[in-house]
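Visitor: Below you will find the structure I want to go over with you.
The values are calculated or read from the model by the stated rules, or taken from the named source; none is laboratory data. Model, not experiment: these values are computed from the prediction. Note that we place each Cβ from the backbone using ideal geometry, even for glycine, and neighbour counts take in every protein chain shown. Surface accessibility is based on the protein's heavy atoms, side chains included, excluding ligands, DNA and RNA. Shrake-Rupley method; radii C 1.70, N 1.55, O 1.52, S 1.80 Å.
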Amino acid sequence: MFRKNAWNEYAPEERSRALDFARSYMDFLNAAKTEREACACAEDICAAAGFRDLDKVIASGEKLKPGDKVYLNWMGKSFLAFVIGEQPIECGLNILGAHIDSPRIDIKQNPLFEEEGLCYLDTHYYGGIKKYQWLAMPLALHGVIVRKDGSKAELRLGENEDDPVFCITDLLPHLAHEQMEKSAAKFVDGEALNVLIGGEPLKDTEKDAVKAGVLKLLQETYSVCEEDFISAELELVPAGRCRDVGFDRSMILGYGHDDRVCAYPSLMAVAEYEGTPKRTLAAVLTDKEEIGSVGATGMDSAFFENAVAELIALTAGESDLKVRRALSNSRMLSSDVSAGFDPCYAGVFEKKNAAILGQGVCFNKYTGARGKSGASDANAEFMAEVRLAMDDARVCWQTSEIGKVDVGGGGTIAYLCARYGMNVIDCGVPVLSMHAPWEIVSKADLWEAMKGYVAFLGA
């Protein structure tokens, strides 16, 4: 088999389309650094494309018909978009499922403290990170603080040139002899990831004057007090915009490629679908994948199943059996990233089964770790159907595993959807430096993912 480099397949017009799509994705990535922001962007995109709020359709008592487009913004942290097909929904959906949460550093519920004239926020990291990568770099603070009356203060500090940024300090090399002898996993303790937020004391204050000064600013700017941190969701993410990489600008450096580089084309493939499909189409953008897809907004929740039940009620009348049939008859691409082959670390990959940047969207028949533990191993028959759809649409695609058998591993939302009996396979974009604060993807792979998702929806 010969692997094609996608760039070599592009005529000038398609290359231009690929680069235009990359620019639109970069705009999305800059605006959507948290799952809440990603949902807000997704809602704007769908509303502009003529989708209606599913909750409002339900409240109106209106029935849905083929060609109708609806969306559901679930708790502001997961998002669903549907295009109703000609066939009854119980015949199954074509689903593109991605996650919109990314590894980061969260602020604890009782975070604020002062130590020797410096004020900090205590943190708890989210997802699988190398903790040392987050030291001594500019960080932005995103999220919401919810007051007891239910009103919200929204924060997005550190992204504009005139914004302050925040930082987790590191030890100077002159004093780091013992630190440098530690393993990378123990280089910095999780409880030491305290973020620096202030240094000027409030005048005429004897105790914790710097903390008092910070609290005064928070009260004046956001009308919040220290206790309001208890009902806040605040996230530290790398500050700054994503950038082109290389003299040829063929790649993108950005925070949160895992997994917004798959979420964006998944959403756009459904949002831009023209006409009435045979099968109902769905884009599922879910939260909490990086910590096991748990909670009310994770894929292990029933929010997607409930949404399908609502669609069936609005098209064919209520029936639990029809919901079960719809889910088991569905087909899904679990749109999640794969580990891109890095020549600088070639020893952990098995090259002929590794994802190569520039060679297109990547299929992982199974993920899991060591003996496929925790994997959703797709059926060969479904893999054959997907191959045919990709080839008919002239999509550049490849297959891969996440590292050598005894070395690598990983998981996606695939197994959670496969439990319904539906056919699922992982399909996404290869990423370099995955789970680092800044990750790298190829613009060609992004474009091939978009093409591949569109081809799957129409299959």
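Visitor: Filter the stretch 417-459 for residues that are open to solvent by less than 10 Å² (accessible area, probe 1.4 Å) and either of a type in the set (Lys, Arg) or out of contact with any strand residue (DSSP E or B) (no Cβ under 7 Å at 6 or more places or on another chain) (or both) and give the result.
Guide: ALA444, LEU446 - these are the residues of the stretch 417-459 that are open to solvent by less than 10 Å² (accessible area, probe 1.4 Å) and either of a type in the set (Lys, Arg) or out of contact with any strand residue (DSSP E or B) (no Cβ under 7 Å at 6 or more places or on another chain) (or both).
Visitor: Residues of the stretch 335-349 being of a type outside the set (Phe, Trp, Tyr) and either open to solvent by 60 Å² or more (accessible area, probe 1.4 Å) or in contact with a Phe, Trp or Tyr (Cβ under 9 Å, 6 or more places away or on another chain) (or both), which ones?
Guide: Of the stretch 335-349, the ones of a type outside the set (Phe, Trp, Tyr) are 335-340, 342-344, 346-348.
Within the stretch 335-349, SER335, SER338, ALA339, ASP342, PRO343, CYS344, VAL348 meet the criteria.
Visitor: Restricting to the stretch 228-256, name every residue that is under 23 Å from PHE21 (Cβ atoms), of a type in the set (A, V, I, L, M, F, W, C) and touching a strand residue (DSSP E or B) at 6+ places or on another chain (Cβ under 6 Å).
Guide: Scanning the stretch 228-256 gives CYS242, VAL245, MET251, ILE252, LEU253.
Visitor: Identify all residues within the stretch 148-165 that are under 18 Å from ALA32 (Cα atoms) and open to solvent by less than 70 Å² (accessible area, probe 1.4 Å); write none if there are none.
Guide: Within the stretch 148-165, ALA153, LEU155, LEU157, GLY158, GLU159, ASP163 meet the criteria.
Visitor: So which of SER266, SER293 ends up being closer than 26 Å to GLU90 by Cβ, in contact with a Ser or Thr (Cβ under 6 Å, 6 or more places away or on another chain), touching a residue at least 24 places away in the same chain (Cβ under 8 Å) and buried (at least 18 other Cβ atoms within 10 Å of the Cβ)? Spell out how you get there, then give the answer.
Guide: Details: SER293 fails: in contact with a Ser or Thr (Cβ under 6 Å, 6 or more places away or on another chain).
Checking each option against the conditions leaves just SER266.
Visitor: Does the stretch 361-371 contain at least one residue that is outside any strand (DSSP E or B), of a type in the set (A, V, I, L, M, F, W, C) and open to solvent by less than 60 Å² (accessible area, probe 1.4 Å)? Explain how you work it out, then say what you get.
Guide: Residues of the stretch 361-371 that are outside any strand (DSSP E or B), as a first pass: 365-367, 370-371.
When the remaining residues are screened for being of a type in the set (A, V, I, L, M, F, W, C), the result is none.
No, because not a single residue in the stretch 361-371 is outside any strand (DSSP E or B), of a type in the set (A, V, I, L, M, F, W, C) and open to solvent by less than 60 Å² (accessible area, probe 1.4 Å).
Visitor: Please work out if ALA313 is part of a helix (DSSP H, G or I) and not charged (D, E, K, R). I'd like the intermediate steps shown before the answer.
Guide: On the way: part of a helix (DSSP H, G or I): yes; not charged (D, E, K, R): yes.
Yes; evaluated as a whole, the condition is true for this residue.
Visitor: Okay, next question. Can ALA354 be described as at pLDDT 95 or above and small (Gly, Ala, Ser)?
Guide: No, not satisfied.
Visitor: Among the candidates ALA38, ALA42, ALA81, which residue alone is touching a Leu at 6+ places or on another chain (Cβ under 9 Å), part of a strand (DSSP E or B) and within 20 Å of GLY298 (Cα to Cα)? Steps first, answer last, please.
Guide: Numbers: ALA38 fails: part of a strand (DSSP E or B); ALA42 fails: part of a strand (DSSP E or B).
Testing whether each residue is touching a Leu at 6+ places or on another chain (Cβ under 9 Å), part of a strand (DSSP E or B) and within 20 Å of GLY298 (Cα to Cα) leaves just ALA81.
Visitor: Does GLU154 qualify as being outside any helix (DSSP H, G or I) and out of contact with any Leu (no Cβ under 7 Å at 6 or more places or on another chain)?
Guide: Numbers: outside any helix (DSSP H, G or I): yes; out of contact with any Leu (no Cβ under 7 Å at 6 or more places or on another chain): yes.
Considered against the rule, which asks whether it is outside any helix (DSSP H, G or I) and out of contact with any Leu (no Cβ under 7 Å at 6 or more places or on another chain), GLU154 comes out as yes.
Visitor: Can you list residue pairs whose Cβ atoms sit under 6 Å apart, with the first residue in the stretch 37-60 being closer than 14 Å to SER78 by Cα and among the charged types (D, E, K, R) and the second being modelled with pLDDT of 95 or more and surrounded by 18 or more Cβ atoms within 10 Å (Cβ to Cβ)? Count only pairs 6 or more apart in sequence or on different chains.
Guide: GLU43/ASN73
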